């Protein structure tokens, strides 16, 4: 007999929010990635071109966390025509000691949103100037909103600018965020203007060509690019590599799926050039920002350690609160089929 | 709102048995693999050496099946010390059109047992002599039992021999099978004796060195090796490649995980030598057995298409029978975290 906890999206929204504890949890995962024998295999990818579908499977075992998560993220881009969201998915939490299923986290991608935003906060916490108070967000989707919320958790953000290709969407989001976070948020029509005088810039778009140019960067800025998670996506002008201290979430991934991939392709960076990872900066074994004038650049493609961290947090919170449903899954030993 | 069907092992044992319909279902999957644009990415593998754990994730999209399965198979080999089985796992069935989760199949590996045995039946149906009536099974575990049961579904098996390293276990299994399948089943202490005069030989062991020698093969025999599913496993003497017509379940997999891998390593076969796949034999586009005297050799490492096939069968059967539990998973659109 094994007991499996089933948590719906509603249960998970009640259990886990984007707050400092979620940021701390994801920070621990990045630290473990740099300091412990984490096992994080390459992403499994299934494509179903017939329905414009793509499915990513990520996982990581992180010593110190009781469970490991396997996350399945389907994106089916004809879904909106059917009145359905494009992105879905779930996480499954397994005991790292026995491999038994402990929790089914039917989050429809919610936990990914949280852990992705939390990684942005971790990057800002370790790379942005301590006194960073002006933020710029490129994009107007869910992550645009959440990355801004994440920054407010780790830096004294007083005002924000939002730029998006669709200015009307930027305006809508700016109005919503201003109300929600109690800070001054404005939509800016020109991306260069949006960056001028800003301290932290986060790009959250699915752009396939650079939307942020190297010459726009100013001394002291921190840049986080979190939009690219596949080979054809590219938000940042590769020339930024010559101006900024580059930090990857996971080098083996950003070389293939991140902004680094495009810098390598453009020839501005060598395929094996060494760069630091965020976990090493957290651990203090690699340098991030060394002065108030440095320009820092975090390239976040999303890692299995974040999923494992957030899934452990969710299940321990939900179990503590007694939420969710439990299924008893009886095992028949040695029976014939 | 999406509805997700949750099926326990008990539900699944009631819905799917190893019978001709399961064999037909898996046969359709192999046929599709040969004739349709199936998407089957390489297996994702996570190792947790700290607890002697390994996790495989397999998937395949098979045109013509409504859903695609993702199967997660953990093996934690210290579990028996804790009174737990080593092998566990579940399958998740997604709509191939929208990527939405349709079913959570908490099978603890049961469906894998069925689809693996069914593949043995498919191989025998297409490669063994029509009149094959004597079967030999190497091994005395669950698959030994199930492979024998599978053969009885597709060939007029009248008698069987079981050989295992542990002869007492072979005797126990022989007694059980004789009672269950109403055929003559004997445990044989010498593997060569066990093969003499047999028509179909199936190896089901986790051997890491060959347990079946090429010189033991007789004209007309069909051999299925299904024990090897990882690089270090090897049941069959590579010299068999010179005596038998070799058929892979999936060449790109058997070159890495199957018996072919060891034949390549031994230098008896080239790394790129062309061989037929089972699906092509089913489709009639590749030759399998061409005469009663041929020796045929199927190398089964287990493929994602089998999982997708059996998961679709299970969910459609269970839904038809009204079994399992349904979870309503409400989606909150556009909410902030």
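The values are calculated or read from the model by the stated rules, or taken from the named source; none is laboratory data. All values reported here derive from a predicted model rather than from experimental measurement. No Cβ is skipped: glycine too gets one built from the backbone with ideal geometry, and neighbour counts run over all protein chains shown.
Could you run through region A:179-221 and say how many residues are modelled with pLDDT of 95 or more and not in a loop (DSSP other than H, G, I, E, B)? Here the count works out to 17. Taking region A:148-166 as the range and being in contact with a strand residue (DSSP E or B) (Cβ under 6 Å, 6 or more places away or on another chain), in a helix (DSSP H, G or I) and away from chain B (no Cβ under 11 Å) as the test, only A:151 passes. The one condition from (1) in contact with a helix residue (DSSP H, G or I) (Cβ under 6 Å, 6 or more places away or on another chain); (2) away from every other protein chain (no Cβ under 11 Å) that residue B:108 does not meet is (2).
The residues of region B:47-56 include none that are buried (at least 24 other Cβ atoms within 10 Å of the Cβ) and more than 7 Å from chain A (Cβ to nearest Cβ). When we screen B:266, B:323 for residues that are in contact (Cβ under 8 Å) with a residue 24 or more places away in the chain, surrounded by fewer than 24 Cβ atoms within 10 Å (Cβ to Cβ) and farther than 30 Å from residue B:197 by Cα, the only hit is B:323.
Restricting attention to region B:305-326 and to residues that are more than 20 Å from the chain's Cα centre (by Cα) and more than 12 Å from chain A (Cβ to nearest Cβ), the residue that is nearest to residue B:38 (Cα to Cα) turns out to be B:316.
Among the residues of region A:117-128, are any more than 7 Å from chain B (Cβ to nearest Cβ), modelled with pLDDT of 95 or more, over 16 Å from the mean Cα position of the chain (by Cα) and in a loop (DSSP other than H, G, I, E, B)? The answer is yes, given that some residue of region A:117-128 is more than 7 Å from chain B (Cβ to nearest Cβ), modelled with pLDDT of 95 or more, over 16 Å from the mean Cα position of the chain (by Cα) and in a loop (DSSP other than H, G, I, E, B).
In region A:62-72, the residue that is surrounded by the most Cβ atoms within 10 Å (Cβ to Cβ) out of those that are more than 9 Å from every other protein chain (Cβ to nearest Cβ) and in contact with a strand residue (DSSP E or B) (Cβ under 6 Å, 6 or more places away or on another chain) is A:69. Which ones in region A:129-143 are within 10 Å of chain B (Cβ to nearest Cβ) and touching a residue at least 60 places away in the same chain (Cβ under 8 Å)? If the condition is that a residue be within 10 Å of chain B (Cβ to nearest Cβ) and touching a residue at least 60 places away in the same chain (Cβ under 8 Å), then A:141 is the only one that fits.
Of note, residue B:254 satisfies the criterion of being within 18 Å of the chain's Cα centre (by Cα) and in contact (Cβ under 8 Å) with a residue 40 or more places away in the chain. Of everything in region B:86-105 that is closer than 14 Å to residue B:310 by Cβ and at the interface with another protein chain (Cβ under 7 Å from one of its Cβ atoms), the residue that is farthest from the chain's Cα centre (by Cα) is B:92. For residue B:83, the criteria (1) modelled with pLDDT under 95; (2) in contact with a helix residue (DSSP H, G or I) (Cβ under 9 Å, 6 or more places away or on another chain); (3) more than 9 Å from chain A (Cβ to nearest Cβ); (4) under 29 Å from residue A:326 (Cα atoms) hold in every case but one, which is (2).
Taking the numbered list (1) farther than 22 Å from residue B:232 by Cα; (2) in a loop (DSSP other than H, G, I, E, B); (3) within 7 Å of chain A (Cβ to nearest Cβ) in turn, residue B:59 passes all entries but (2). Screening residue A:148 against (1) in contact (Cβ under 8 Å) with a residue 60 or more places away in the chain; (2) in contact with a helix residue (DSSP H, G or I) (Cβ under 9 Å, 6 or more places away or on another chain); (3) farther than 29 Å from residue B:71 by Cα leaves a single unmet condition, (1).
One line per residue, one yes/no per condition, for (1) surrounded by fewer than 17 Cβ atoms within 10 Å (Cβ to Cβ); (2) at pLDDT 95 or above:
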{"position": "A:281", "(1), (2)": "no, yes"}
{"position": "A:284", "(1), (2)": "yes, yes"}
{"position": "A:319", "(1), (2)": "yes, no"}
{"position": "A:334", "(1), (2)": "yes, no"}
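When residue A:78 is tested against (1) more than 10 Å from chain B (Cβ to nearest Cβ); (2) in contact (Cβ under 8 Å) with a residue 24 or more places away in the chain; (3) more than 20 Å from the chain's Cα centre (by Cα), exactly one condition is not met: (1). Taken across region B:16-33, residues that are surrounded by fewer than 22 Cβ atoms within 10 Å (Cβ to Cβ) and touching a strand residue (DSSP E or B) at 6+ places or on another chain (Cβ under 8 Å) do not occur at all. Considering region B:1-32, the residues that are under 22 Å from residue A:2 (Cα atoms) and in a strand (DSSP E or B) include one that is farthest from the chain's Cα centre (by Cα), namely B:4.
Yes/no matrix, rows are residues, columns are (1) in contact with a helix residue (DSSP H, G or I) (Cβ under 7 Å, 6 or more places away or on another chain); (2) at negative phi:
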site: B:278; (1), (2): yes, yes
site: B:283; (1), (2): yes, yes
site: B:319; (1), (2): no, yes
site: B:324; (1), (2): yes, no
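Does residue B:305 satisfy being touching a strand residue (DSSP E or B) at 6+ places or on another chain (Cβ under 6 Å), crowded, with 16+ Cβ neighbours inside 10 Å, in contact (Cβ under 8 Å) with a residue 12 or more places away in the chain and not in a helix (DSSP H, G or I)? So residue B:305 does not fit the description; no. Checked against the criterion of being free of Cβ contacts under 8 Å to residues at least 24 places away in the same chain, within 24 Å of residue A:129 (Cβ to Cβ) and assigned by TED's automatic domain parsing to the domain that holds residue A:139, the candidates A:178, A:194 yield just one match: A:178.
For residue A:238, indicate whether it is closer than 21 Å to residue A:288 by Cβ, out of contact with any strand residue (DSSP E or B) (no Cβ under 7 Å at 6 or more places or on another chain) and touching a residue at least 24 places away in the same chain (Cβ under 8 Å). Answer is yes for this residue. For region B:25-44, the set of residues classified as facing chain A (nearest Cβ under 10 Å) and either free of Cβ contacts under 8 Å to residues at least 12 places away in the same chain or closer than 21 Å to residue B:105 by Cβ (or both) consists of B:39, B:40, B:41, B:43, B:44, listed by residue number.
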